[in-house]
1. So which of B:97, B:73 is closer than 30 Å to residue B:43 by Cα and touching a helix residue (DSSP H, G or I) at 6+ places or on another chain (Cβ under 9 Å)?
2. Working only within segment B:11-38, note down all residues that are more than 10 Å from every other protein chain (Cβ to nearest Cβ) and in contact (Cβ under 8 Å) with a residue 24 or more places away in the chain.
3. I'm told residue B:170 meets every condition in (1) within 29 Å of residue B:108 (Cα to Cα); (2) more than 8 Å from chain A (Cβ to nearest Cβ); (3) at pLDDT below 80; (4) surrounded by 21 or more Cβ atoms within 10 Å (Cβ to Cβ) except one. Can you identify the failing condition by its number?
4. Restricting attention to segment A:227-256, which residues are within 14 Å of chain C (Cβ to nearest Cβ) and under 28 Å from residue C:426 (Cα atoms)?
5. So, of the residues in segment A:291-320 that are exposed (fewer than 11 other Cβ atoms within 10 Å of the Cβ) and part of a loop (DSSP other than H, G, I, E, B), which turns out to be modelled with the lowest pLDDT?
6. Out of segment C:362-396, which residues are modelled with pLDDT of 85 or more and in contact with a helix residue (DSSP H, G or I) (Cβ under 7 Å, 6 or more places away or on another chain)?
7. Considering C:308, C:321, which residue is buried (at least 19 other Cβ atoms within 10 Å of the Cβ) and assigned by TED's automatic domain parsing to the domain that holds residue C:41?
8. Kindly check whether there is at least one residue in segment B:174-197 that is closer than 27 Å to residue A:197 by Cα, in a helix (DSSP H, G or I), touching a residue at least 12 places away in the same chain (Cβ under 8 Å) and more than 8 Å from every other protein chain (Cβ to nearest Cβ).
């Protein structure tokens, strides 16, 4: 049996495979030690600081466990419970999280793109303007939460002062289940600056010759956008999509701060991770169930990411790829 | 003829002028939108204690005062700043260095099964952090790290985060193999190639990661909250400020002081962004375009 | 590749095993098995860890306790450890890491849970051995330190917090209510008198100012309203009991406060409404006084009005308990009982922000806590300690399995929300109450 491998210098080599497993493992390390050595920090780091906690939480997820007394085997009840007696809250959390993701990911992507297109002009002072647009991104989360809680206060907030002075009825913001989500998504728009930077970067990297060539052939704005800009930016779209999925499905901190630690009226802002948090750290903690919920989310995110990776043929990685 | 040409260019100029002024106008309107939270914060920080929590909430102070800044700026704040700079300084070096080394291993040197191992590395980003916090606390406690700066620094030596490795890998793929090969012919070893060729070429993305690390560490709240607990000597700004001006149970928290802290904390990252804007914008690009 | 994966997984499991072993390596101590010694030699030397909330004034009071304690026990070193962030999360981390402080702060909400989970040491043996006189303290507060408010003692309370009606004298004056007016708040007022004042204030104050911030979503308030009419939320054996005329009456009375715009919608959750001078009265507890002083409000307090037939008043506390895993329970008891002594209570009340739980000190006219706010010589301090026989506690969880505490708690808030229409329109009680009974029974049966 011949095993082929690529050596340190990228040459393909063949080697007879040994039958002794110890020798085979030894051989593996002999062949690959340089690469393994280089990535060893991340492997060790992940082992210590991620995988050990992950395995520990996986273990907890199979038991009735409160974090204090011993683990009690409960026949996979933590994994059936979301679909039986906790069905209502579980699916509420799933639907809140998905609704948010489905609106938020495309919205920030499209608006971030539009903003980048607009700010990619060569004008005087454009750098300062970009910085100012970026400013809300660097406001510390805690302060950000306080600020918007202050602003959206139903009766005394500035938001409703402005709205009522225009002769409109006061807007309930975070105090009604119908408007809480819309308010959250709207307030997210202040963070578009971060997205914008990534887009400007992508736009700048498209070779000017492509547009010139297209113009000579009489291509209009639409053709240029859909035939050049978007395909050339596809790696960025891809990156944004992956990060968006991972980030949106794990939404927690910013909402937690803005709602003052509550899941919103009638659970209208009960994000999945928030449910995990309440399950794990309430007055009667259920670490086992919280761990199971996290692993369910882990699988959901994994599936979506995998789907996106598998269907990523549309991503254009340059000519040589 | 010449007259006509001039006319055209003039009308073209005028058209361009209109376009520019419209652009500026739209920018100004959008600027109002984006700067709103900042101004809200800024004006609130200039209110007196009593006015800052008066109802209905005011936007512009009736009288500008800097009392909030005077209260906020004290010795302990400087101490927190010092700690934060320590953590930031460490991470800004450690994260890109470690991440680029690992990325080099995954993307260029490669080993059997490197893609699969990288898949595992990426997958670790997907588990919500809430649930690993307690086991992590236990590990750090076993190491005797609780209440010290180690938990917010040392783990970053180990790879510097999957996202950063991913970004650098994408970038490295765009570096032509020939450069590396010619160095090999000259007899350079792996580390030599990394430090002399790969690293300098990766500077744009490394700079991007440095700035991002700075922002992340500067505002990190959850990490210090859990791991530095009970040891104010090592509090970073985000957490120190939180306890001082927001978390108090018994004393009153004044919005003007809270916002003054916010304004002060926004300054360094904004300056950084302004200075490194060009590099930031170039950095991300190449990484993802040339896959 | 396969081998590598195998290696990785093997290494991982080895490591996890190592980590778990490491954590379990320390043999756990059960303080129940350590003999009780309440006459500790003053020269005993030990190091105690004391867990307190992460807050500047908490640290100050704790240090004051400790300094005073060290005057007697010179060789017992007490190290302060702050519990920061989410209390439960911080405690769970410590439990897992086996670093629970020997003696720690605990709120009345957590007692039964921590007792059930064998986290807190049963203090009965110590109380008996030391002949510790619990009758010197407010009975209701002592009860709050017991499992299910009616069992063994697990925590000793440090302060006495009862709901009072704080009022803004300037706002009352604006509405023409002066000291000699029959409408003026007083310690013996009935609920009708309170409503009459609300009505008067509503009519005579600016519409943006509320007569009262009644804190309707706060258990000490809503529970006492319902109890006062003879109703209850959950029966003593842990069954939903709010589908009765009495309980409905209590909820209805609260709903009317809201409907008539006497109080603001609790969803607003601005603790600042009273402090900003946008509410003339406020149902609150002693620790808010210092905030009002900082806000330069001209305030005074009156007792909570007499609601319904029982006229209950909500009360609560927090205090300290001893960890069951401590190896120094006797030293910890020495510290704990010292905190409850006159010296300890005096040290504690120097902040002026709390009413001591020791009766003789609470009623002492010259006690330190009565000097705050010092600007007001005729401040009605007695409202904070008057009518202790009318105290009612947050008692609706006593019959419930501890595992279900937080779920029942949020179900109660949901019930009140839908009854009074905090976050939507109010629902019809005739359909709402039976449905909530069903919901809660479902939660109860799920365990």
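The values are calculated or read from the model by the stated rules, or taken from the named source; none is laboratory data. Here the structure is a predicted model, which is why all the values come from computation and not from measurement. Ideal geometry is used to build each Cβ from the backbone, glycine not excepted, and the neighbour counts take in all protein chains shown.
1. The conditions single out B:73.
2. Step one: of segment B:11-38, the residues more than 10 Å from every other protein chain (Cβ to nearest Cβ) are B:11-18, B:21-22, B:25, B:29, B:32.
Selection gives nothing.
3. The single condition residue B:170 does not satisfy is (2).
4. Step one: list which residues in segment A:227-256 are within 14 Å of chain C (Cβ to nearest Cβ), which gives A:252-253, A:256.
Answer for segment A:227-256, where residues must be within 14 Å of chain C (Cβ to nearest Cβ) and under 28 Å from residue C:426 (Cα atoms): just A:256.
5. If we take residues in segment A:291-320 being exposed (fewer than 11 other Cβ atoms within 10 Å of the Cβ) and part of a loop (DSSP other than H, G, I, E, B), then A:320 is modelled with the lowest pLDDT.
6. C:381, C:384, C:385, C:388, C:391, C:392, C:393, C:394, C:395, C:396
7. Criteria check complete, one pass: C:321.
8. No, segment B:174-197 contains no residue that is closer than 27 Å to residue A:197 by Cα, in a helix (DSSP H, G or I), touching a residue at least 12 places away in the same chain (Cβ under 8 Å) and more than 8 Å from every other protein chain (Cβ to nearest Cβ).
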